[in-house]
Amino acid sequence: MEPRIIGESTVGLHNSDLDKSIERVDNSMMYEDLSTIIICPTRGTFPTRVVQSWMKMLKPMNQVVAGPIFAEAMKVDVAYNSLITYILNNEYLSKFKYILTIEEDNLPPVDGLIKLYEGMKEYDVVGGLYWGKSEHGFPMIFGNPEVGPEDNRPQTPILDGLQRANALGMGFNLFKLDMFRNVEEPWFKTVQEYTGKGVEELTQDFYFYKKAAKKGYKFACDTRILVGHYDSKADKVY
């Protein structure tokens, strides 16, 4: 420590720029209800790398984070529907504000959940950025709402921002629980059928986002949150 004379200033670092400090606290949402339930459909086993990633994930201070709650050995659409039904019918869990979906091959960063909350002021679902499990995998950000609601093409990710989309994957997504009270069941459904206008094929995630969008809900990928997608057979993270 350098020799010095102690003056009378007692303002402090955060009070000296109060506008910036207020913005930081507001963005952190630390004084809001961030109660969250983590859910996961599973085949019953988890790679060590996945378990380690989940255990390191930061939770918001002074908030309740429940789970993970698992649905085992079910088709993925049935698993998600069963998990949501269980939560809404549970006296305690039904009072939570958010649901975090996480899948057994996804590796979220340590601060991934903390960052997801930041986008929930503007959006109803925010997900981390992850890619398909192959050398030529595409980003799980589908459809540009500016093009139209039927656009389901993968989008090129922007750098470090919230990127609005028509649909996302389910690997690391934060949902507002109230959505599931306002969107009719089944929330998730794998569709492969002839409709009279042609063949309609939708995975369970696209099915939900399509229904939720009609209710006015908005979705985005937070491209700051880089989520690994683990191929356990090849022992490789995409």
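No value in this document is a laboratory result; all are computed from the given coordinates. Computed from a predicted structure; not experimentally measured. We place every Cβ from the backbone using ideal geometry, glycine too, and count neighbours over all the protein chains shown.
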Quiz item: What residue among L129, I102, M61 has its Cα farthest toward the positive end of the dipole of the chain, where the charges are +1 on Lys, Arg and -1 on Asp, Glu, each on the Cβ?
Solution: I102
Self-check item: trypsin sites (Lys or Arg not before Pro) within segment 1-55: DSSP coil, no more than 12 neighbouring Cβ in 10 Å
Solution: R4, R43
Exercise. Arrange H136, H229 by Cβ neighbour counts within 10 Å, fewest through most, would you?
Key: H136, H229
Quiz item: So how do L129, L93 line up by other beta-carbon neighbours within 10 Å, fewest first?
Solution: L93, L129
Self-check item: Point-charge dipole on Cβ atoms (K/R +1, D/E -1) for the chain, about Cα centre, debye to 20
Solution: 320
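Using the count of nearby Cβ atoms within 10 Å as a rough guide to exposure, how do F180, F188, F46 rank from fewest to most?
Numbers: F180 19, F188 25, F46 16.
Listed from fewest to most nearby Cβ atoms, that is F46, F180, F188.
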Practice problem: List the residues whose amide H sits under 5 Å from the amide H of I37, counting only those 5 or more places along or on another chain, with H placed 1.01 Å from N in the peptide plane. | Solution: A66, Y98, I99, L100
Quiz item: If you work out P(r) over Cα pairs in 10 Å bins from 0, in percent from the coordinates, which of (1) 7, 29, 35, 17, 7, 4, 2, 0, 0; (2) 7, 31, 36, 18, 6, 1; (3) 7, 29, 31, 19, 10, 4, 1 do you get?
Solution: (1)
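Per-residue ellipticity at 222 nm for the chain, helices alone: DSSP H runs ≥ 4 residues times -39500 (n - 2.57), over residue total, nearest 500 deg cm²/dmol? Don't skip to the answer; put the middle values down first.
Numbers: 7 runs with 59 residues, N = 238.
Computed ellipticity for the chain at 222 nm equals -7000 deg cm²/dmol.
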Quiz item: Percentage of Cα-Cα pair distances in segment 1-91 greater than 20 Å, rounded to whole percent?
Solution: 62
Quiz item: Say R0 is 45 Å: what FRET efficiency, to the nearest 0.05, do K233 and R24 get from their beta-carbon distance?
Solution: 0.55
